[in-house]
1. Report the Stokes-Einstein translational diffusion coefficient (µm² s⁻¹, integer) for region 24-81, Rh taken as the Kirkwood radius over Cα pairs, at 37 °C with viscosity 0.692 mPa s.
2. Relative contact order for region 24-81 using alpha-carbon pairs under 8 Å, separation at least 6, rounded to a whole percent?
Amino acid sequence: MNLNRSALRTRPIIQRASIRSWEYVKPIRIIVLAIRLLVALWLVVLTGILVSNGFVWGWALLAAAVAVAAIGIWVFSTAEKGWPAVEA
């Protein structure tokens, strides 16, 4: 497999920014994913607290929690696959 950094340009910009520095360091990837999932969990807990206290806008945090978790898992799984092969 011919792998190079120019293949990164084919990825979406948010993915490039997230993958670039920690792609090959698996323990760092796992720590970053765990932190992102903890942030998502905290947003869910905060949603429950706000909604139970009558703040209806707290439901917006639930959407943010889903987005944080989805982006974290997407970037992690993409980095897990490594760089795409580039045909010479």
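1. So the translational diffusion coefficient is about 272 µm²/s.
2. Values: 42 pairs, mean separation 25.3, N = 58.
Over region 24-81, the number comes to 44 percent.
Every number here is computed from the coordinates shown, using simple stated rules; none is lab data. For clarity, every value in this text was computed on a predicted model and none was experimentally measured.
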